[in-house]
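See structure below.
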Amino acid sequence: KFMCEPVDTEPHSLTDFDREVDALRQLLSVRGLMSVDELRRGVEAIPEADYLRLGYYQRWIRSITDNLLRRGVITEAELRAALEGP
């Protein structure tokens with residue numbers, strides 16, 4: 001059973017986060033580290049409860065993170081350290 005809501009088709013502004021995630025996706029693509037298909041598969045693999053809780057670009061960053069971890073581009077320790085900050 002899916003929880004469907006009406007789709008907002010009105011134009012909206014992108015946040016800085018949205019732009020940064022899109023830029024990261026483009027850089028990873030140019031460097032051959034992740035394809036759009038991998039991004040899509042990663043988004044589709046997000047468990048339903050998480051998928052419904054996350055926004056559009058939050059789903060992208062989740063997919064990007066999962067792909068980079070899976071490919072060994074980053075480690076979980078590196079990710080944790082980066083999230084903890086300086």
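The values are calculated or read from the model by the stated rules, or taken from the named source; none is laboratory data. All of these numbers come straight from a predicted model, not from anything done at the bench. Cβ placement follows ideal geometry from the backbone for every residue including glycine, while neighbour counts extend to all protein chains displayed. Ligands, DNA and RNA are excluded from the accessible area calculation, which covers all protein heavy atoms including side chains. Shrake-Rupley method; radii C 1.70, N 1.55, O 1.52, S 1.80 Å.
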Q | Among residues of the stretch 1-32, those that are hydrophobic (A, V, I, L, M, F, W, C) and at pLDDT 95 or above, counted | A | 7
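Go through Ala82, Ala77 for me and flag whichever is at pLDDT below 95 and over 22 Å from Val7 (Cα atoms).
Numbers: Ala77 fails: at pLDDT below 95.
Testing whether each residue is at pLDDT below 95 and over 22 Å from Val7 (Cα atoms) leaves just Ala82.
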**Q.** Cross-chain or 6+ apart pairs with Cβ under 7 Å, the stretch 26-47 first and assigned to a helix (DSSP H, G or I), then among the acidic types (Asp, Glu)
**A.** Gly42/Asp66
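Quick check, is Gln58 closer than 21 Å to Leu83 by Cβ, at pLDDT 95 or above and open to solvent by 70 Å² or more (accessible area, probe 1.4 Å)? Let's see the steps before the verdict.
Working: closer than 21 Å to Leu83 by Cβ: yes; at pLDDT 95 or above: yes; open to solvent by 70 Å² or more (accessible area, probe 1.4 Å): yes.
So Gln58 passes the test.
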Q: Identify all residues within the stretch 49-65 that are over 18 Å from Phe17 (Cα atoms) and in contact (Cβ under 8 Å) with a residue 24 or more places away in the chain; write none if there are none.
A: Leu52
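Can you pull out every residue in the stretch 1-36 that is among the charged types (D, E, K, R) and either closer than 13 Å to Ile64 by Cβ or surrounded by 10 or more Cβ atoms within 10 Å (Cβ to Cβ) (or both)? First the steps, then the outcome.
Going through the stretch 1-36, the residues among the charged types (D, E, K, R) turn out to be 1, 5, 8, 10, 16, 18-20, 22, 25, 31.
If the condition is that a residue be among the charged types (D, E, K, R) and either closer than 13 Å to Ile64 by Cβ or surrounded by 10 or more Cβ atoms within 10 Å (Cβ to Cβ) (or both), then Asp18, Arg19, Glu20, Asp22, Arg25, Arg31 are the ones that fit.
May I ask you to verify whether Gly72 is free of Cβ contacts under 8 Å to residues at least 40 places away in the same chain and in contact with a Ser or Thr (Cβ under 7 Å, 6 or more places away or on another chain)? Spell out how you get there, then give the answer.
Numbers: free of Cβ contacts under 8 Å to residues at least 40 places away in the same chain: yes; in contact with a Ser or Thr (Cβ under 7 Å, 6 or more places away or on another chain): no.
So Gly72 does not fit the description; no.
Across the stretch 1-25, what is the total count of residues that are among the charged types (D, E, K, R) and assigned to a loop (DSSP other than H, G, I, E, B)?
Let us first name the residues in the stretch 1-25 that are among the charged types (D, E, K, R), namely 1, 5, 8, 10, 16, 18-20, 22, 25.
Retained after the next criterion (residues that are assigned to a loop (DSSP other than H, G, I, E, B)): 1, 5, 8, 10.
Total satisfying the criteria: 4.
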